[in-house]
Amino acid sequence: MIRLIFASTALKDWNAEELLGLLKTCRTNNSARDITGALIYLHRTFFQILEGDEQAVDETFEKIQKDTRHKDVTQIERKPIAERDFPYWSMGFEKLDERDLNTFKDFPHFFDKEFTPAGIAAHRGIIDPLVNLLRVKLIKHVSVTKHEELPIDHEDSFIQFLHRTIRTGVKFLAMLMTFVILLGIVDVIYVIYEKMTTPPFLLMTTDEILDTFGAFLAVLIAIEIFLNITLYIRSDVIPVKLVVATALMAVARKVIVFDYKHLPYEYVGATALVVVALGITYWLIQKKE
């Protein structure tokens, strides 16, 4: 594989709609040829990165050079690579704001006066920092992608009202669960106090230790239920994975306090199957991500 970087000058200033059309075309063509990369458009200058099979990249660049919508097409860099810097984007696009430009302290006023094909070619030291900034910003966009189970913004005003109502109910449930967790902590303290103050003092039998574990686990499971409740008003997670993980932990923790002398083998076997099924489900979700 190779990475090819070039810059060119647009014959006119491109608006947002024209840039969107260009990106759609690039992404369609690049996907068909397994080419990835990124694009910056600033001051009528295109700065573009192409990654992929050498022949595919060279043929794509040759077609780009013949495009009559730009001029001064200048190859900035062409080198072999072991892995892609932009593996998830057939053509990522990024706008640079003033804060981004201020990070290039070693190149003062470069983006004001010298962000041209000739200027970029003459300042090759800016290429790697610029490529790294592009990659970081694109990855950041992906990582903060929001997912909401009950979005407040909805095209249907009635659905929006229902979502707001349910979110209020979820917050109330979260408050109640917080109260239950606090009561559970008080119960843990009481159980320990009772076991330790009942003769023989400061000694606990195996059954008493298991009872204490059960009180602890009840609080921990309540905390996990609280997390599941709040999932519906959060936007930084997709709940499937956490719900499966919570179920797996809850069942696994219950196994710890099983009294196998009094439990029928069917019950233990069914619990084992549930643990295995949840474990496989969690593994599949993790693998998919």
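The values are calculated or read from the model by the stated rules, or taken from the named source; none is laboratory data. Remember, predicted model here, so these are calculated numbers, not experimental data. Cβ: placed from backbone, ideal geometry, glycine included. Neighbour counts: every protein chain shown.
Yes or no: the stretch 232-250 includes at least one residue that is modelled with pLDDT of 80 or more, under 30 Å from Arg167 (Cβ atoms) and surrounded by fewer than 14 Cβ atoms within 10 Å (Cβ to Cβ).
Looking through the stretch 232-250, none of the residues is modelled with pLDDT of 80 or more, under 30 Å from Arg167 (Cβ atoms) and surrounded by fewer than 14 Cβ atoms within 10 Å (Cβ to Cβ).
Determine if the stretch 110-129 includes at least one residue that is under 26 Å from Ile2 (Cβ atoms), part of a loop (DSSP other than H, G, I, E, B), assigned by TED's automatic domain parsing to the domain that holds Ala10 and at pLDDT below 70.
no
For residues that are of a type in the set (A, V, I, L, M, F, W, C) and buried (at least 20 other Cβ atoms within 10 Å of the Cβ), scanning just the stretch 41-60, find the one that is farthest from Pro117 (Cα to Cα).
So the first thing to find is which residues in the stretch 41-60 are of a type in the set (A, V, I, L, M, F, W, C), and the list is 42, 46-47, 49-50, 56-57.
The next check asks that each one be buried (at least 20 other Cβ atoms within 10 Å of the Cβ); those that pass are 46-47, 49-50, 57.
Details: Phe46: 8, Phe47: 8, Ile49: 13, Leu50: 16, Val57: 19 Å.
Step by step, filter the stretch 41-60, then rank; the result is Val57.
Listed residues Leu50, Leu20; which is farther than 27 Å from Ala122 by Cβ, among the aliphatic types (A, V, I, L, M) and in the same structural domain as Asp128 (by TED's automatic domain parsing)?
Values: Leu50 fails: farther than 27 Å from Ala122 by Cβ.
Every option except Leu20 fails the conditions.
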